[in-house]
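What follows is a short report on a single structure.
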Amino acid sequence: MIVTGLVSVVRPLRFLRIRSRRAALLVTVGGSVLLLLGLLLPVWPARLGGPQMALDDVFPDYQFGETHEIRIQAAPERVFAAVKAVTAREIRLFRLLTWLRAPHLGEAPQSLLNPAADRPILDVALQSGFVQLHEEAGREIVVGAVVCCGLRWPVRDASEFRALQGSLARAAMNFHVTDEGGGVSRLVTQTRVAASDARAERRFAAYWRVIYPGSAFIRRMWLRAIKARAELTP
């Protein structure tokens, strides 16, 4: 809404019924007010549904979260292999959307927000700030990272991830595969974020409400890429 208003200030988008620069300014101001209200809303602890997963034990308490799932015509072992092998190139708009979250010019260190096109995404994540919190071969993998609000270096392992102190927010993301029978697997991915105190919660809430639409889109495209890879004929 804000972007639409700013564009219309330069050239009114009449097909959106913005017929003058004055109307464009009203749209821009209205969008800014709605954004501010959204950032100031209180946080209600998320409670995500889904199958029983190791993530529930590894990361049971959280304030923010999202969940997505897809059904795939492939055995669980093949789906899990695709989870670990899928690359940024296979995920629609992944590199564009992550660049918009962390824009840069020229060369930059590889990370989940700046992955090489043909390296497995999870490998990139685990070498650039994420740590593996759990893995059950053929069934589930859980990775975690500090996503806010003061730590400036990556944690080294799962024990350090759990032991960190201070005002911060930790995130955990999983991929969980179950056998639905008949050659069909169900793949669920959840992202959970837990803030250690009210300050970290407020800071991360503002960030989360801005990036959530893009994050949700990336997760859905990620699952579709895994599905496409898993369903390929060997």
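The values are calculated or read from the model by the stated rules, or taken from the named source; none is laboratory data. Predicted, not measured: the structure shown is a model, and the values here were computed from it. All Cβ positions, even for glycine, are placed from backbone atoms using ideal geometry, and neighbour counts span all protein chains on display.
What the table below lists for this structure:
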quantity	calculated
Qualifying residue in the stretch 187-208 (condition: more than 16 Å from residue 131 (Cα to Cα), touching an Asp or Glu at 6+ places or on another chain (Cβ under 7 Å) and among the hydroxyl-bearing types (Ser, Thr, Tyr))	no
Residue list for the stretch 198-223, restricted to those being touching a helix residue (DSSP H, G or I) at 6+ places or on another chain (Cβ under 9 Å) and modelled with pLDDT of 90 or more	217, 218, 221, 222
Unmet criterion (only one of (1) acidic (Asp, Glu); (2) surrounded by fewer than 15 Cβ atoms within 10 Å (Cβ to Cβ); (3) in contact with a strand residue (DSSP E or B) (Cβ under 7 Å, 6 or more places away or on another chain)) for residue 201	(2)
Hits in the stretch 162-190 (condition: in a loop (DSSP other than H, G, I, E, B) and crowded, with 20+ Cβ neighbours inside 10 Å)	168
Among the candidates 85, 117, residue that is assigned by TED's automatic domain parsing to the domain that holds residue 220, on the phi < 0 side of the Ramachandran plot and modelled with pLDDT under 95	117
Residue ID - surrounded by the fewest Cβ atoms within 10 Å (Cβ to Cβ), chosen from residues in the stretch 149-161 that are assigned to a loop (DSSP other than H, G, I, E, B) and charged (D, E, K, R)	152
Qualifying residue in the stretch 191-204 (condition: closer than 19 Å to residue 86 by Cβ and assigned by TED's automatic domain parsing to the domain that holds residue 79)	yes
Boolean, residue 144 is touching a residue at least 60 places away in the same chain (Cβ under 8 Å) and under 27 Å from residue 79 (Cβ atoms)	yes
